[in-house]
Structure formats: structure tokens, C-alpha cells
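Q: Just passing along the structure, written as C-alpha cells.
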Amino acid sequence: MKKKVKLILVRHGESEWNKLNLFTGWVDVPLSREGVEEALKAGEKIKNIPIDVIFTSSLIRAQMTLFLAMLGHESHRTPVLQHPAGKMHDWAQNYNQKNLEMTIPVYYSWHLNERMYGELQGLNKQEVKEQYGEEQFKLWRRSYETSPPSGESLKMTSERTWPYFKEHILPFLKEGKNVFVAAHGNSLRAIVMHLENLSKESIVALEIPTGEPLIYTFDGTNFIKDFF
């Protein structure tokens, strides 16, 4: 029987700035206490799915989520960050082959980071809405092609996230490896848009809850969404 290859997508748990209703973007804030619980609950939902490789962003809230989610995984394998060339890469080598087999490589990249919200970062969403009006607020926050001042649109986010997915993540799936991606609402929406062939009108309405796994079965060509 052909192996059913799985792709697991998880948006990070609630961050400290999610809790405060602030635009976060690339500001590198940690999970809130509730976010920690969400990450652990996400892990419970995927603990029985074998995981061969993990990808995440360069932001701490996504990395915290993946490590917390993996704490209860039935494999008992340890996620280990794989650093790019340099001192951390050279000095972080594991020479114990038996131990190496009990680890899962974790690759991180800014290409999977949240949408960069420019001059809105750190501002309260409700206050921005009151200052600029609901129509402008929705354009900045939800439209596909409109970007906030000095920031990225969802289209721009997709233009860095999807090529990274195709170049670095898809090859593992094609090799029959199960992949776990812990990232952000907008970087994951950019990926889901292509996985499900959604229109730009549909994707702006899609909500990806914090700490809720999205699971797809990959048949070598198509991604079929699983339902719990």
C-alpha cells in the first residue's frame, strides 16, 4: 500500500501581542500563557502522526509553538534546529549516530515569517480602525494587494512564501516524508491559497485559528485536506 504522505500546518499559539490586539508582523514577541496551552493542545492532535522534518519561521512565537507541540509526540524524537553555514552550524554537529536517529531536523527561514505590517507594527488594531476608518483598516488588514505603509501585502507575502515552499518543503513531501510547518496566519494563508487553488477573494476571507492544525494528504500531485 502506498504511504499516505502528510503535511501539517500550524499557526503559532496566541502571542503576547495577539492578546493585546496589536499589529505584530515581524516584531519578535513570545507566546502568551494561553498560547503555550494552545501549542500543547495542537501537539495532542498530531502526536500520532509520524513527522520526518519540520519547518518554521525565524520568529520566536512560531518556534516556541513547534517545540511545545512536539513535547508529547509519540515518537519521543527531539526537534533540533539546523543552522545555516557559520559558527552555529559548524559547532552544533551531532556525532552520535544512534542519537541522531532520535532527532528531527528543524529548518527555519524568514521566508515563512508573518506578513510585515510596516508602520502599523506595535499599534492597537482598534485604535487604527478608529483613526483611519473601517474601510481603510480592512484594506490594510485584509485585501490581497494593498499593503500598509512601508509594509507587505498578502500578495507580497505569497511571493516569498510559496517559492520557498516549492523549493525547500515540497521536495521532502515528494520523497514520501511527512512535514510539519509551524508558521503564521498570513504565511500559512499564502501556502493554503496554492494548496487549495483558492482565489484572491477567497483567501482574504480565510481565517486560520491559532494552535489549530491543518492537515493535508499529499498524493504526489495534489493536496487533499483531512478532517478530524
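The values are calculated or read from the model by the stated rules, or taken from the named source; none is laboratory data. Since the model is a prediction, treat every value here as computed from it, not as a measurement. Here the Cβ positions follow ideal geometry from the backbone for every residue, glycine too, while neighbour counts run over all protein chains shown.
Q: Out of the residues in segment 86-112 that are of a type in the set (Phe, Trp, Tyr) and not in a strand (DSSP E or B), which is surrounded by the most Cβ atoms within 10 Å (Cβ to Cβ)?
A: Step one: of segment 86-112, the residues of a type in the set (Phe, Trp, Tyr) are 91, 95, 107-108, 110.
Now restrict to residues that are not in a strand (DSSP E or B): 91, 95, 110.
Details: Trp91: 8, Tyr95: 6, Trp110: 13.
If we take residues in segment 86-112 being of a type in the set (Phe, Trp, Tyr) and not in a strand (DSSP E or B), then Trp110 is surrounded by the most Cβ atoms within 10 Å (Cβ to Cβ).
Q: With respect to Trp140, is the statement that it is part of a helix (DSSP H, G or I) and within 15 Å of the chain's Cα centre (by Cα) true? It would help to see each step written out before you state the result.
A: Details: part of a helix (DSSP H, G or I): yes; within 15 Å of the chain's Cα centre (by Cα): no.
Against the criterion (part of a helix (DSSP H, G or I) and within 15 Å of the chain's Cα centre (by Cα)), Trp140 does not qualify.
Q: Of (1) in a helix (DSSP H, G or I); (2) under 21 Å from Ser187 (Cα atoms), Lys6 satisfies all except one. Which?
A: Of the numbered conditions (1) in a helix (DSSP H, G or I); (2) under 21 Å from Ser187 (Cα atoms), the odd one out for Lys6 is (1).
Q: Please tell me if Tyr132 is modelled with pLDDT of 95 or more, under 20 Å from the mean Cα position of the chain (by Cα) and hydroxyl-bearing (Ser, Thr, Tyr). Don't jump to the end; show me each part of the working.
A: Working: modelled with pLDDT of 95 or more: yes; under 20 Å from the mean Cα position of the chain (by Cα): no; hydroxyl-bearing (Ser, Thr, Tyr): yes.
Judged against the criteria, Tyr132 is not a match.
Q: Can I ask one more? Read through the list (1) under 17 Å from the mean Cα position of the chain (by Cα); (2) at pLDDT 95 or above, then give the number of the only condition that Thr217 fails.
A: (1)
Q: Okay, moving on. Using beta carbons and a limit of 8 Å, which pairs, at least six apart or on different chains, have the first residue in segment 115-127 and in contact (Cβ under 8 Å) with a residue 24 or more places away in the chain and closer than 15 Å to Asp28 by Cβ and the second one part of a loop (DSSP other than H, G, I, E, B) and of a type in the set (A, V, I, L, M)?
A: Gln121/Val27; Gly122/Val27
Q: Would you say Glu167 is without any contact (Cβ under 8 Å) to a residue 12 or more places away in the chain, farther than 22 Å from Arg61 by Cβ and out of contact with any Asp or Glu (no Cβ under 6 Å at 6 or more places or on another chain)? Show your work before the answer.
A: Numbers: without any contact (Cβ under 8 Å) to a residue 12 or more places away in the chain: yes; farther than 22 Å from Arg61 by Cβ: yes; out of contact with any Asp or Glu (no Cβ under 6 Å at 6 or more places or on another chain): yes.
So Glu167 fits the description; yes.
Q: Within segment 180-228, take every residue that is assigned to a helix (DSSP H, G or I) and not aliphatic (A, V, I, L, M) and give me the one that is surrounded by the most Cβ atoms within 10 Å (Cβ to Cβ). Give the steps one after another, and end with the answer.
A: Of all residues in segment 180-228, those assigned to a helix (DSSP H, G or I) come to 185-195, 200-205.
Going one step further and asking which of them are not aliphatic (A, V, I, L, M), we end up with 185-187, 189, 194, 200-202.
Details: Gly185: 18, Asn186: 23, Ser187: 30, Arg189: 24, His194: 15, Lys200: 13, Glu201: 8, Ser202: 13.
It comes out as Ser187.
Here's the yes/no breakdown for (1) part of a helix (DSSP H, G or I); (2) buried (at least 18 other Cβ atoms within 10 Å of the Cβ):
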| position | (1), (2) |
| --- | --- |
| Gly122 | no, no |
| Gln126 | yes, no |
| Gly151 | no, yes |
| Lys155 | yes, no |
| Glu159 | yes, no |
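Q: Let me ask another. Considering (1) within 26 Å of Val106 (Cβ to Cβ); (2) buried (at least 19 other Cβ atoms within 10 Å of the Cβ); (3) hydroxyl-bearing (Ser, Thr, Tyr), say which one Ser147 fails and leave the rest.
A: Only one criterion is unmet by Ser147, namely (1).
Q: Touching a strand residue (DSSP E or B) at 6+ places or on another chain (Cβ under 6 Å) and surrounded by fewer than 19 Cβ atoms within 10 Å (Cβ to Cβ): is that true of Lys177 in this structure?
A: Judged against the criteria, Lys177 is a match.
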